[in-house]
Amino acid sequence: MKTLTFYSNGALKLGLETEAGVIDVESAAKQSELEDTPISVQQVIEGGEKALEKLRALQKKALEKGIQHLKLEELKLGPAVPAPSKLICIGLNYKRHADECNLPYPKEPVVFSKFSNALTGHKNEIVIPKEAHQVDYEVELAIIIGAKTKKISEQDALSAVYGYATANDVSARDWQFKSAQWLLGKTVDDFCPVGPYLVSKDQVLNPNKLLLKTEVNGEVRQNSTTADMIFSCEQIISYLSHHMTLCPGDIILTGTPEGVIMGEPEDKRNWLKDGDVVTVEVEGLGKLENTFRK
């Protein structure tokens, strides 16, 4: 199941991606008289398999009744998960990325955070602050937690997952390394696009074997696989759950592979600039595109 969010009359609504287009879930549920259909991302995540069954029933009903489907390209999308209680990030989690940065592999996951102000959606413009001069991209697999989770084992960790999404951990490197804390360079407004879709986990065979790619103005910059992660999805979820309670809707960014601008020699670092179009993609989860403005 692929869901998304889109703006309509100033409100953020739940959409359901189908072969025929996007279903406005709330509108279609009213027309189909399916009153118990979840109408927000959070309701879908918390509802789990029962919620997915209701969305499947709605999809079938919408086709039977000839309910209008919207065109994805005509919608203004929001973040695939718009209101997580936590947005947790893992740093230096790919071997070849650590190698290009000349840094040792961490013995435990490097954990930092972003805040909800950083969330944005597919095709939305991202403004580079005037004072930031070293802005970088980072394609990442995002894990979305589906159940309240504490101290879960690695063996059971994926049972806590609702689904996955493509994300871009945009980073202002000059702000990131002002101090030992990375936060300032990470949680700038709109520096965390997520989407276009939230894909339920039944559609992802193995999150630890997915291709990732970044293109800047059509040029491939990152081309790797989650198989290069130092800590697997199971290890990350278990580790975090032993330090905090994970809640439905929480987003975990699992790190980025090699190919970031910071990994280039200093005299060859062409930081993101006005007009650059960055497209990040995780296999099976969709392409996420944003244009940068200064």
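Please verify whether L240 is buried (at least 22 other Cβ atoms within 10 Å of the Cβ), over 21 Å from L211 (Cα atoms) and out of contact with any Lys or Arg (no Cβ under 8 Å at 6 or more places or on another chain), treating the condition exactly as stated. I'd like the intermediate steps shown before the answer.
On the way: buried (at least 22 other Cβ atoms within 10 Å of the Cβ): yes; over 21 Å from L211 (Cα atoms): yes; out of contact with any Lys or Arg (no Cβ under 8 Å at 6 or more places or on another chain): yes.
Against the criterion (buried (at least 22 other Cβ atoms within 10 Å of the Cβ), over 21 Å from L211 (Cα atoms) and out of contact with any Lys or Arg (no Cβ under 8 Å at 6 or more places or on another chain)), L240 qualifies.
Conditions tested, residue by residue: (1) modelled with pLDDT of 95 or more; (2) surrounded by 14 or more Cβ atoms within 10 Å (Cβ to Cβ); (3) closer than 23 Å to P193 by Cβ; (4) assigned by TED's automatic domain parsing to the domain that holds V199.
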{"position": "E17", "(1), (2), (3), (4)": "yes, yes, yes, no"}
{"position": "I39", "(1), (2), (3), (4)": "yes, yes, no, no"}
{"position": "Q42", "(1), (2), (3), (4)": "yes, yes, yes, no"}
{"position": "K65", "(1), (2), (3), (4)": "no, no, no, no"}
{"position": "N93", "(1), (2), (3), (4)": "yes, yes, yes, yes"}
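Residues are listed down the side, and each one gets a yes or a no for (1) assigned by TED's automatic domain parsing to the domain that holds K95; (2) closer than 18 Å to A157 by Cβ; (3) modelled with pLDDT of 95 or more:
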| residue | (1), (2), (3) |
| --- | --- |
| G195 | yes, no, yes |
| S200 | yes, yes, yes |
| T225 | yes, no, yes |
| E234 | yes, yes, yes |
| M244 | yes, yes, yes |
| P248 | yes, yes, yes |
| M262 | yes, no, no |
| K273 | yes, no, yes |
| E289 | yes, no, yes |
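Conditions (1) among the polar types (S, T, N, Q); (2) touching a residue at least 40 places away in the same chain (Cβ under 8 Å); (3) touching a Pro at 6+ places or on another chain (Cβ under 7 Å); (4) within 16 Å of T5 (Cα to Cα), marked per residue:
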position	(1), (2), (3), (4)
R173	no, yes, no, no
K178	no, no, no, no
L183	no, yes, no, no
V199	no, yes, no, yes
D202	no, yes, no, no
L205	no, no, no, no
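Apart from one condition, E140 fits all of (1) in contact with a Gly (Cβ under 7 Å, 6 or more places away or on another chain); (2) surrounded by fewer than 24 Cβ atoms within 10 Å (Cβ to Cβ); (3) not small (G, A, S); the exception is (2).
Yes or no: segment 138-147 includes at least one residue that is over 24 Å from V41 (Cα atoms) and of a type outside the set (G, A, S). For segment 138-147, residues over 24 Å from V41 (Cα atoms) and of a type outside the set (G, A, S): present. I'd like the residue in segment 14-60 that is without any contact (Cβ under 8 Å) to a residue 24 or more places away in the chain and of a type in the set (K, R) and, out of all such residues, is farthest from T120 (Cα to Cα). Top of the filtered list is K60. Determine whether segment 20-32 contains at least one residue that is outside the structural domain of A142 (by TED's automatic domain parsing) and under 17 Å from the mean Cα position of the chain (by Cα). Scanning segment 20-32, I find no residue that is outside the structural domain of A142 (by TED's automatic domain parsing) and under 17 Å from the mean Cα position of the chain (by Cα), so the answer is no. When the strands (runs of 3 or more DSSP E) confined to segment 175-294 are screened for residues that are under 19 Å from T120 (Cβ atoms), those reaching at least 3 such residues are found at 211-216, 251-253, 277-282, 286-293. Checked against (1) surrounded by fewer than 21 Cβ atoms within 10 Å (Cβ to Cβ); (2) under 24 Å from T291 (Cα atoms); (3) in contact with a helix residue (DSSP H, G or I) (Cβ under 6 Å, 6 or more places away or on another chain), N124 passes all but a single condition, namely (3).
Of all residue pairs spaced 6 or more apart or on separate chains, those with beta-carbon atoms under 6 Å, a first member in segment 215-241 that is under 28 Å from N270 (Cα atoms) and a second member that is aliphatic (A, V, I, L, M) are V216/V278; N217/V277; Q222/V139; S224/L212; T225/L211; T226/L141; T226/L210.
Restricting attention to segment 127-141, the residues being more than 16 Å from G91 (Cα to Cα) and either touching a helix residue (DSSP H, G or I) at 6+ places or on another chain (Cβ under 6 Å) or of a type in the set (A, V, I, L, M) (or both) number 6.
Would it be correct to say that K86 is farther than 20 Å from I237 by Cβ and either at pLDDT 95 or above or more than 24 Å from the chain's Cα centre (by Cα) (or both)?
no
The values are calculated or read from the model by the stated rules, or taken from the named source; none is laboratory data. In this text, all values refer to a predicted model and were calculated from it rather than measured experimentally. A quick note on method: Cβ atoms are made from the backbone with ideal geometry, for glycine too, and the neighbour counts reach across all protein chains shown.
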